[in-house]
Amino acid sequence: MLRTVVLAAFTAGMLVHGGAAVAQTYKSEYRLSTVLGTAFPWGQAGDRWATLIKEKTQGRINVKQYPGVSLVGGEQTREFTAIRQGVIDMAVGSTINWSPQIKELNLFALPFLMPDEKAVDALIHGEVGKDIFKILEKREVVPLAWGENGFREVSNSKRSITTPDDIKGLKIRVVGSPLFNEIFTSLGANPTQMSWADAQTALASNAVDGQENPLAVFFASKLPGIGQKNLTLWHYISDPLIFVVNKDVWAQWTPADRELVREAALQAARENIENVRQGDASVLAQIESGGTAVVRLTDEQRKPFIQATRQVYEKWAKTIGSDLVKKAETAIAKR
Ligand code: X2X
């Protein structure tokens with residue numbers, strides 16, 4: 001019904017008033033959800049997408065960003081459901097946060113699957129990325145582009161981590177799917193699941209000892225200032241971001257505007273990935289000069305971590321789908 005009205009308005013608008021008639025059928029504001037705000041590459045990505053949409057559509061589509069997943073009261077693992085329900089119109093969301101609803105997204109959290117940025121690119125810009133977009137389309141959202149939160153490194157307030165033994169007994173905050181609990185349990189740690197908002201309070205009060213997040217998040221959240229003085233670069237997983245639009249919202253827009261929203265997403269996502277990757281070196285330098293002890297694991301030092309988590313990897317590969325995991329492993333081997 002709505003679609004018919006929009007199309008009719010579009011046709012009439014084309015014939016009679018140029019683009020003007022179209023705008024009347026659009027919402028006055030589209031709500032864009034992100035977990036992090038503009039102090040972080042993730043929030044900047046959402047902000048940039050919104051700005052580009054406004055520019056490209058000459059104001060026909062007006063997007064407002066809601067950071068802190070405030071549209072779902074900060075409960076980031078409920079974001080995907082809220083997009084489907086139309087509580088959220090569009091999002092730049094993390095594979096981790098949506099993985100409780102879409103089991104295939106756990107792929108990116110298989111421990112030590114992606115050793116470097118080229119491996120990430122082999123997935124998101126290859127067949128695997130296309131397969132996952134098809135899965136999202138079946139779940140009634142419109143996926144437009146892949147961005148990046150980044151490689152997740154582990155920090156804690158107690159001691160340097162260079163071997164799995166060092167992580168034993170540490171209380172580590174994790175998020176998202178049960179896969180994270182299993183990874184940290186396999187390493188002998190004591191994982192506890194909570195939202196990012198709660199995590200910062202828990203870290204500050206020493207209710208938990210550690211956490212894992214990309215360098216840009218660690219730094220801009222000022223975690224060293226709340227006692228997170230030990231950081232280990234182990235590159236165990238990288239969390240891609242996905243730019244999506246609710247399917248009914250998408251259907252409201254004219255084909256020409258949809259194309260502009262897609263172009264805007266692709267551009268914002270490209271810039272986001274560049275920002276994260278180019279920013280990492282300077283962020284790391286600032287972390288180190290601020291007094292955080294940084295351990296860089298060598299390939300040799302990573303091996304016992306890979307071994308310790310291997311059973312979890314194999315178990316979850318079946319949950320995710322062995323074909324998809326094999327496709328990912330092959331794409332990474334060929335990178
Ligand atoms: O909660 C986290 O750790 C964060 C901010 O990285 C995500 O939303 C996945």
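The values are calculated or read from the model by the stated rules, or taken from the named source; none is laboratory data. It should be emphasised that the depicted structure is a prediction, and the values quoted were computed from it without experimental measurement. A quick note on method: Cβ atoms are made from the backbone with ideal geometry, for glycine too, and the neighbour counts reach across all protein chains shown. For the accessible areas, the whole protein counts, side chains as well, though only heavy atoms, and no ligand, DNA or RNA atoms are used. Shrake-Rupley method; radii C 1.70, N 1.55, O 1.52, S 1.80 Å.
Does Pro255 satisfy being surrounded by fewer than 22 Cβ atoms within 10 Å (Cβ to Cβ), at pLDDT 95 or above and closer than 21 Å to Val35 by Cα?
No; evaluated as a whole, the condition is false for this residue.
Just one of Ile273, Ile167, Ile183 is in contact with a strand residue (DSSP E or B) (Cβ under 8 Å, 6 or more places away or on another chain), more than 30 Å from Lys138 (Cβ to Cβ) and crowded, with 21+ Cβ neighbours inside 10 Å; which is it?
Working: Ile273 fails: more than 30 Å from Lys138 (Cβ to Cβ); Ile183 fails: more than 30 Å from Lys138 (Cβ to Cβ).
Unique residue meeting the criteria: Ile167.
Taking the stretch 130-157 on its own, how many of its residues are open to solvent by less than 20 Å² (accessible area, probe 1.4 Å) and part of a helix (DSSP H, G or I)?
2
Could you pull out every one of the helices (runs of 4 or more DSSP H) wholly within the stretch 32-113 that has 2 or more residues that are more than 12 Å from the ligand (Cβ to nearest atom)? Before the answer, list the steps.
Values: elements: 41-56, 79-85, 95-98.
Filter on the stretch 32-113 gives 41-56, 79-85.
Just to be sure, is Val87 open to solvent by 30 Å² or more (accessible area, probe 1.4 Å), over 13 Å from the mean Cα position of the chain (by Cα) and of a type in the set (A, V, I, L, M)? Before the answer, list the steps.
Working: open to solvent by 30 Å² or more (accessible area, probe 1.4 Å): yes; over 13 Å from the mean Cα position of the chain (by Cα): yes; of a type in the set (A, V, I, L, M): yes.
Judged against the criteria, Val87 is a match.
For the stretch 194-215, which positions are more than 10 Å from the ligand (Cβ to nearest atom) and within 26 Å of Ser70 (Cβ to Cβ)?
Quick first cut of the stretch 194-215, residues more than 10 Å from the ligand (Cβ to nearest atom) only: 201-210, 215.
Within the stretch 194-215, Thr201, Ala202, Leu203, Ala204, Ser205, Ala207, Val208, Leu215 meet the criteria.
Of everything in the stretch 186-212, what is in contact with a helix residue (DSSP H, G or I) (Cβ under 6 Å, 6 or more places away or on another chain), open to solvent by 20 Å² or more (accessible area, probe 1.4 Å) and without any contact (Cβ under 8 Å) to a residue 24 or more places away in the chain? Give them in sequence order.
Passing the criteria: Pro191, Ala204.
Mind checking which residues of the stretch 54-84 are open to solvent by 60 Å² or more (accessible area, probe 1.4 Å) and under 26 Å from Leu107 (Cα atoms)?
Correct list: Glu75, Arg78, Arg84.
I'm told Gly43 meets every condition in (1) buried (at least 24 other Cβ atoms within 10 Å of the Cβ); (2) of a type outside the set (Lys, Arg); (3) out of contact with any helix residue (DSSP H, G or I) (no Cβ under 8 Å at 6 or more places or on another chain) except one. Can you identify the failing condition by its number?
Tallying (1) buried (at least 24 other Cβ atoms within 10 Å of the Cβ); (2) of a type outside the set (Lys, Arg); (3) out of contact with any helix residue (DSSP H, G or I) (no Cβ under 8 Å at 6 or more places or on another chain), Gly43 fails exactly one: (1).
Here is a yes/no grid of residues against (1) among the acidic types (Asp, Glu); (2) closer than 24 Å to Asn97 by Cα; (3) out of contact with any Pro (no Cβ under 8 Å at 6 or more places or on another chain):
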position: Trp253; (1), (2), (3): no, no, yes
position: Ala256; (1), (2), (3): no, no, yes
position: Leu266; (1), (2), (3): no, yes, yes
position: Glu271; (1), (2), (3): yes, yes, yes
position: Glu314; (1), (2), (3): yes, yes, yes
position: Gly321; (1), (2), (3): no, yes, yes
position: Ala333; (1), (2), (3): no, no, yes
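Going through the stretch 306-335 one residue at a time, which ones are open to solvent by less than 80 Å² (accessible area, probe 1.4 Å) and aliphatic (A, V, I, L, M)?
If the condition is that a residue be open to solvent by less than 80 Å² (accessible area, probe 1.4 Å) and aliphatic (A, V, I, L, M), then Ile306, Ala308, Val312, Ala317, Ile320, Leu324, Val325, Ala328, Ala331, Ile332 are the ones that fit.
So how many residues does the stretch 170-185 have that are within 10 Å of the ligand (Cβ to nearest atom), in contact (Cβ under 8 Å) with a residue 60 or more places away in the chain and of a type in the set (D, E, K, R)? Steps first, please.
To start, the set of residues in the stretch 170-185 that are within 10 Å of the ligand (Cβ to nearest atom) comprises 173-176, 180.
Imposing the further condition that a residue be in contact (Cβ under 8 Å) with a residue 60 or more places away in the chain reduces the set to 175-176, 180.
Now drop any that are not of a type in the set (D, E, K, R), which leaves none.
Qualifying residue count for the region: 0.
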